[in-house]
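The structure appears below as structure tokens.
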Amino acid sequence: TEDSLLYGSGYQANLGWVTTLLRDDDVLLYDEYNHASLYDGIALAATTTNLKAIRFAHNDTEHLERLLIRVQKGAVSPNRQIFVAVEGVYSMDGDLAPLPRISELCGEYGATLVIDDAHGTGVTGKTGRGTSEHFGMKDGVDICMGSFSKAFGMTGGFLSADREVIDYLR
Ligand SMILES: Cc1ncc(COP(=O)(O)O)c(C=O)c1O
């Protein structure tokens, strides 16, 4: 990506984007199997922001699409943002997100796709770039989060995205 921002841990990276990017009336649709750090980020963001966080059934893209349609119909403001958060490789079951379809849906419904690739970074894809590389995707993921506490055997976390997004987060 164009730029990245480093955090002390992957946990902080997840808290970082959720508490910074979501504004009043924004919607976050997330896979029910997302890591606890996303749940904590939502809880923290909800203390200052009137956001709507809705869980969808694990890897169920039909459920996700139904929610996207419902969210679009109920739009309260033209500036309202929609985020979709999934993992690349799920930490609990080790299965992969159907990323190409999820990315397609995000494009169709104007949602920002954020992928937690803590377990994909350094492992999946031909050169270890992660789950999007595994699926041969050149773009279609807006923000990629990763941790250095898995394949890299260290500590730390990051968010990678377009320069504008990273500048804003910084
Ligand atoms: C999917 C996922 N996201 C985020 C994290 C948090 O990363 P860190 O250990 O760097 O805080 C973990 C760690 O267990 C994880 O499995």
Exercise for the section: Straight distance only, please: which lysines reach the Cα of Lys52 with their own Cα at less than 21 Å, same-chain residues fewer than 8 apart left out? Expected result: Lys73
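Ranking Leu105, Leu28 by Cβ neighbours within 10 Å, fewest first, what do you get?
Details: Leu105 20, Leu28 24.
Fewest-to-most ranking of Leu105, Leu28: Leu105, Leu28.
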Practice task
On each of the three principal axes of the Cα atoms of the stretch 3-169, give max minus min coordinate, whole Å, ordered largest first.
Solution key: 44, 31, 29
Practice task
Report the relative contact order of the stretch 3-169, percent, no decimals, based on alpha-carbon pairs under 8 angstrom and at least 6 residues apart.
Solution key: 28
Completion exercise
With +1 at each Lys and Arg Cβ and -1 at each Asp and Glu Cβ, the charge dipole magnitude of the stretch 3-169 around its Cα centre, to the nearest 20 debye, comes out at 80
Handout entry: In nm, spacing of pseudo-spin labels at Asp167 and Asp95 (7 Å Cα→C-beta vector)
Key = 4.1
Exercise for the section: Using packing as a proxy for protection, rank 11-20, 151-160 so that the peptide with the highest average count of other Cβ atoms within 10 Å comes first. Expected result: 11-20, 151-160
Exercise for the section: Give the residue from Tyr33, Ala118, Ala53 lying farthest towards the positive end of the charge dipole for the chain; charges sit on Cβ (+1 for Lys and Arg, -1 for Asp and Glu) and the dipole is referred to the Cα centre. Expected result: Ala53
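Working out 0.36 nm times the residue gap between Thr49 and Thr155, then minus their Cα-Cα distance, what length gain in nm do you get to one decimal?
35.2 nm
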Problem - Cα centroid separation, the stretch 92-149 to the stretch 1-40 (Å) - result: 14
Problem - Ellipticity estimate at 222 nm from DSSP helix runs (n ≥ 4, -39,500 (n - 2.57)) divided over the chain, nearest 500 - result: -9500 deg cm²/dmol
Problem - Gained length - Thr20 relative to Arg66, 0.36 nm times residue gap less alpha-carbon distance - result: 13.9 nm
Practice task
Between beta-carbons, use under 15 Å as the cut-off and find the net charge around Tyr11, counting Lys and Arg +1, Asp and Glu -1.
Solution key: -3
Exercise for the section: Please compute the net charge surrounding Ile166, taking Lys and Arg as +1 and Asp and Glu as -1 over other residues with Cβ under 12 Å from its Cβ. Expected result: -4
Fill in the blank from the handout: Looking only at lysines whose Cα falls under 26 Å of Lys138's and that sit 8 or more positions away or on another chain, we get Lys126, Lys150
Handout entry: Over the stretch 1-66, relative contact order from alpha-carbon pairs under 8 Å, at least 6 apart, %
Key = 35
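Values in this text are rule-based calculations from the coordinates and carry no lab data. Values in this document were obtained by computation on a predicted structure and should not be read as measured data. We place every Cβ from the backbone using ideal geometry, glycine too, and count neighbours over all the protein chains shown.
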